[in-house]
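Comments concern the structure below.
The values are calculated or read from the model by the stated rules, or taken from the named source; none is laboratory data. Every value quoted in this text rests on a predicted model; they were computed, and no experiment measured them. Positions of Cβ are backbone-derived with ideal geometry, glycine not excepted, and every protein chain shown enters the neighbour counts. The area values use the complete protein model at the heavy-atom level, side chains included, leaving out ligands, DNA and RNA. Shrake-Rupley method; radii C 1.70, N 1.55, O 1.52, S 1.80 Å.
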Amino acid sequence: AWPGSDDRLPYLGTQRIVRYAPNLTSMVAPWHGTREGPTLAVGVSRFTDTSLPPLAGAAAEARAVAAVYGALGTLRLDCTRAQFVDEPLPRYRVVHLASHGSSLLQGDCRDDPLGAGVALHDGTIDGWQLASLDLPAEFVVLAACHSGQRAVGGRGMGALPGDDLLGLQGALFEAGVGSTLGTLWPIDDEGAIPLLTALHEAFARGADPDAALHLALNQQLRAHGAAHGHV
């Protein structure tokens, strides 16, 4: 376990540093990407798609992430798809997207997992579009509901063959990303903002992405427990 972990906290992520590999090849193939450079923090609070409710905390989250990196933090609010694609993506070491996400376990995405995506101001940027980008960032955080899901079935099959991650993680790896972080479930602003800020603070201090998440989880769970008299 990473120094600072707490054996009293009964969650795998607090006991061990956890990283999922997309396939066996990725564990031995060297990654060549952007290990130095600025951070792009995108927060989308308003959407032209009226079926998507506003996200009041997305802007605050993006501001907090950009602030962690100081002069190297670039903030973009209510970014459109064209504006995001037009960013100088190859120069960013870190990209953080705070918005709505779509589940690849529902609707048409069950048979087309790369059809899931992350909502920007004027529409969704899906896995197909993400995979086509030149995005050699060391670390991408998708702070969006369901963004860490992977396809486990579809197209009439009870289980998909092979060991590849069919989802947004796989799309980002195809774009050149070194490590990604997403979520399997819906997330709320109250818990996400302090956790993700702590994650970026640990990463900015030199921790690898998986170790940064481990440290942030321990920090936030200890703080939450202390606030309620449990630790």
- Query: Conditions: (1) among the hydrophobic types (A, V, I, L, M, F, W, C); (2) surrounded by 15 or more Cβ atoms within 10 Å (Cβ to Cβ); (3) part of a helix (DSSP H, G or I). A71 meets all but one. Number of the miss?
  - Reply: (2)
- Message: Suppose we filter A62, A21 for residues that are open to solvent by 40 Å² or more (accessible area, probe 1.4 Å), of a type in the set (A, V, I, L, M, F, W, C) and under 17 Å from the mean Cα position of the chain (by Cα); which single one remains?
- Response: A21
- Considering segment 114-154 alone, what residues qualify as being modelled with pLDDT under 95 and in a loop (DSSP other than H, G, I, E, B)? A116, A144, C145, H146, S147, G148, Q149, R150, A151, V152, G153
- Message: Among the listed residues D163, D189, identify the single one that is closer than 24 Å to G73 by Cα, at pLDDT below 90, charged (D, E, K, R) and in contact with a Leu (Cβ under 8 Å, 6 or more places away or on another chain).
- Response: D189
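Could you grab me the full set of residues in segment 43-59 that are open to solvent by less than 80 Å² (accessible area, probe 1.4 Å) and without any contact (Cβ under 8 Å) to a residue 60 or more places away in the chain?
G43, S45, P53, A59
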- Message: Pairs needed: first member in segment 184-203, under 14 Å from A62 (Cα atoms); second member anywhere, open to solvent by less than 50 Å² (accessible area, probe 1.4 Å) and hydroxyl-bearing (S, T, Y); C-beta distance under 9 Å; at least 6 residues apart or different chains.
- Response: A192/T183; H200/T39; H200/Y69
- Message: Just to verify a result, which residue in segment 80-111, among those that are closer than 17 Å to A171 by Cβ and without any contact (Cβ under 8 Å) to a residue 24 or more places away in the chain, is surrounded by the fewest Cβ atoms within 10 Å (Cβ to Cβ)?
- Response: D108
- Just name the residue that is nearest to the chain's Cα centre (by Cα) out of those in segment 24-40 that are open to solvent by less than 100 Å² (accessible area, probe 1.4 Å) and modelled with pLDDT under 75. S26
